[in-house]
Every structure is written in structure tokens, then in C-alpha cells.
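The values are calculated or read from the model by the stated rules, or taken from the named source; none is laboratory data. Small disclaimer: the values here were computed from a predicted structure and weren't measured. Neighbour counts run over all protein chains shown; Cβ positions are idealised from the backbone, glycine included.
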Amino acid sequence: MRRGAGVGAGAAYNAAMRLRYDCSKCPGYCCSYPRIAVTERDVARLARHHGLSVEQAREKFTYRYRTKEVDERILRHRKDDVFDSVCRFLDRDTRRCTVYQARPGVCRQYPHASRCGYYEFLRFEREQQGDDEFIPNA
Ligand code: SF4
Ligand code: SF4
């Protein structure tokens, strides 16, 4: 997820892998995923980054999401003008991750490939519109 730009940890992901997406041109779609699960290690890293206790960080940045099928801790969201809501750590103006150095593991790994489906959709729509900044409804 979004790099120093959003879950687009993409740009810094792996120099050896030729990436076919550019998070700096994307509004951070992956950071709008409603369930961005974090581990205790992720919470501890965020706590250190903010100078908080693990308990404080867990409460402030995450909440427990539980259904019959899953029981996980996920990042809190807030309202957004581009998508319905985004991760609380996405800067809604610059569309960049504000905790890039301390972002959770899932954000570092996404999109797990040299291509990003949303980015390809975005690029196609922008070409169709002749507008490099167009943001389609996802
Ligand atoms: S921490 Fe939030 S803003 Fe940063 S990359 Fe992950 S989902 Fe995006
Ligand atoms: S949706 Fe894809 S291109 Fe956009 S920020 Fe996430 S990984 Fe990067």
C-alpha cells in the first residue's frame, strides 16, 4: 500500500522486481480497504513510532473486528473525499502514508506482485478520459 506515498508500499518494495505501478500517481486505493489487519508486532512498531505504550497504540489506532469467520485487529479509518473512508494514517491531501517507516507488514507486502490491478484500472481510465488526474469510481 501507499508508500511514503499509501498500503502501496510499492515504490520501495523491491528494486530487483520491475514494478509496473506507481503509487505516487494513485490516490491510495489500497489504503481504503476496510479491513487492514495488523499484528501485535505492527502495533508495537506504531507505538514506538508515536512514543506511546502498546496499549495506547492498540486503542488509538486499531479496533477488534470479529465475526463468526474472523477475529482480527484492524486499523481505524476516517472519512475521505475520494473514497468513502481511508486508513487513519493516510494524509488525505497528499495521499501519502504518514507512518511509512512504521507501516504494518501487510502494507509493506501489498500488492504482492509486480502489478497492481487498481493501478492498471486507473491508468486505463485516465487514458480514456485524456486526464492524468482522473479518479474513477472503484
Ligand atoms: S498504514 Fe495506512 S496509510 Fe499507511 S500504507 Fe498502510 S493502509 Fe496505507
Ligand atoms: S492501489 Fe496500487 S498503485 Fe495505488 S497506492 Fe495501492 S499499491 Fe500503489
- Which ones in region 1-60 are polar (S, T, N, Q) and either modelled with pLDDT of 95 or more or under 21 Å from ASP81 (Cα atoms) (or both)? SER24, SER32, THR39, SER53, GLN56
- Query: What are the residues in region 44-70 that are of a type in the set (A, V, I, L, M, F, W, C) and outside any helix (DSSP H, G or I), if any?
  - Reply: LEU52, VAL70
- Message: Name the single residue that is nearest to ligand 1 (Cβ to nearest atom) among those in region 108-133 being touching a Cys at 6+ places or on another chain (Cβ under 9 Å) and more than 17 Å from MET17 (Cβ to Cβ).
- Response: TYR118
- Message: crowded, with 17+ Cβ neighbours inside 10 Å and outside any loop (DSSP other than H, G, I, E, B): which single residue out of ARG108, ARG41, ARG73, ARG95 fits that description?
- Response: ARG73
- Task: Find all pairs meeting these conditions: Cβ atoms under 6 angstrom apart; at least six residues apart or on different chains; first residue within region 80-100 and within 12 Å of ligand 2 (Cβ to nearest atom); second residue among the charged types (D, E, K, R) and at pLDDT 95 or above.
- Result: VAL86/ASP80; CYS97/ARG103
- Select from region 118-138 the residues that are in contact with a helix residue (DSSP H, G or I) (Cβ under 6 Å, 6 or more places away or on another chain) and among the aromatic types (Phe, Trp, Tyr) and write down the one among them that is surrounded by the most Cβ atoms within 10 Å (Cβ to Cβ). TYR118
- Query: What are the pairs, 6+ residues apart or on separate chains, where a residue within region 27-40 that is on the phi > 0 side of the Ramachandran plot and near ligand 2 (Cβ under 9 Å from one of its atoms) has its Cβ under 6 Å from a residue that is modelled with pLDDT under 95 and of a type outside the set (Ser, Thr, Tyr)?
  - Reply: GLY28/ARG2; GLY28/GLY6
- Message: Name the residue that is nearest to PRO27 (Cα to Cα), counting only residues in region 77-92 that are crowded, with 18+ Cβ neighbours inside 10 Å and in contact with a His (Cβ under 7 Å, 6 or more places away or on another chain).
- Response: VAL86
